[in-house]
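Here is the structure we will look at.
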């Protein structure tokens, strides 16, 4: 059961050691790109969907590209572009994210605030030995009640992470290719409506 360890989550020293090593690894990388496989599943609703995407991160800035949307965050402003609808929603970066919700630019340090954490076991995923750590929000009514991180034991890189929500949905992100020290200009993390003729701009700020 996905709830099995919920009530037992704690500030586990072994989990903390693993998470600290993982965080240190990613903090040392100025910018990186990663190809991802994104899976949405729900056993009750019999839903299983998979998409391919790409994440680019530079400090607090990130760009997440999925088939149905692009999310661009320059650290101050966040744009959510929906190609099929030909619209882009603009919001303040801080206002658009619930506290403790993982984002591409801080997925490696969310455990530092608002979470308890517990090491579960070593487990092989995709032929790679990983250390499995669960993060459980301290608040009792978050959108996501658990985040499970599969961290490669050998080098403390992230193999995948899965977010569990109250509706029974599981959102799993698996890194299929990782490119560290990518050369990326800051301008990459902005959305220019002029380059998208006919796009409707919805400013929520």
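Just a few scattered comments:
- Test: residue 156 is touching a residue at least 60 places away in the same chain (Cβ under 8 Å) and either surrounded by fewer than 16 Cβ atoms within 10 Å (Cβ to Cβ) or not in a strand (DSSP E or B) (or both): yes
- Of all the numbered requirements in (1) modelled with pLDDT under 95; (2) surrounded by fewer than 16 Cβ atoms within 10 Å (Cβ to Cβ); (3) outside any strand (DSSP E or B), residue 108 misses one, and that requirement is (2).
- Within the stretch 115-136, the set of residues being more than 18 Å from residue 164 (Cα to Cα) and in contact with a helix residue (DSSP H, G or I) (Cβ under 7 Å, 6 or more places away or on another chain) comprises 131 only.
The values are calculated or read from the model by the stated rules, or taken from the named source; none is laboratory data. All figures in this text were calculated on a predicted structure; none of them were measured in a lab. Methodologically, a virtual Cβ is constructed for each residue, glycine included, from the backbone with ideal geometry; neighbour enumeration extends over all protein chains shown.
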